[in-house]
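Heads up, the thing below is written out as C-alpha cells.
Just so it is clear, none of the values below were taken in a lab; they were calculated from the coordinates. None of these values were measured; they are calculated from a predicted model. Reconstructed Cβ throughout: ideal geometry from the backbone, glycine too, with neighbour counts over all protein chains shown.
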Amino acid sequence: MDMQLAEWSDKLEFGLPRIDSQHKQLFDLAATFAGNGDQIRVMKSLVMLSNYAKVHLRDEEEMLASLKYPELEAHKRLHAEFKDMLIKLLDNARQLSLDEIAKEVQYLIYGWFYNHIMQADVEYVPWVRTHSLKALG
C-alpha cells in the first residue's frame, strides 16, 4: 500500500460523460468515509460503495466489449483485482475499526482506482473516441 493517494480532479475526465460521471461518483462516495459515525452507517456506506463500483466496472466492460476493444481481457483482469479487494474489505470490515475501514477505502479509491484511471482507463480513450460517438453518451 505504498501508492500515493490522490483526489478527484479534472485530469481524470476523458470527455466520456457516463464514465466520467461514474468515476467522480466513486470518489464522492469514498469521501464520505471519515472514520466517524456508527458501525451500521459505515457498513451500509461500504456496501453502497461496493455495489456502485461493481456497476461502474460492468458498464465500462460492456462499453469496451461493444466497441471490440482489443485489450478488454487485460482490462477485465484489472477490474477483477479491484473486485477481489472490495470483497476482502467487506469480509474483514466487521473486525476493523471505523478508522481502519476509512483507510482501506481511501486506498482503494484514492490509490488503486485513481491509478487505474490514469494508467489503464486512459489507454482505452482513443479507441472509444475513434470507434463510437454513442459511447460518449
Q.
Suppose the filter is of a type in the set (D, E, K, R), more than 25 Å from T130 (Cα to Cα) and exposed (fewer than 12 other Cβ atoms within 10 Å of the Cβ); does D99 pass it?
A. no
Q: Name every residue in segment 30-54 that is within 12 Å of the chain's Cα centre (by Cα) and in contact (Cβ under 8 Å) with a residue 24 or more places away in the chain, in order of residue number.
A: A30, L49, S50, Y52, A53, K54
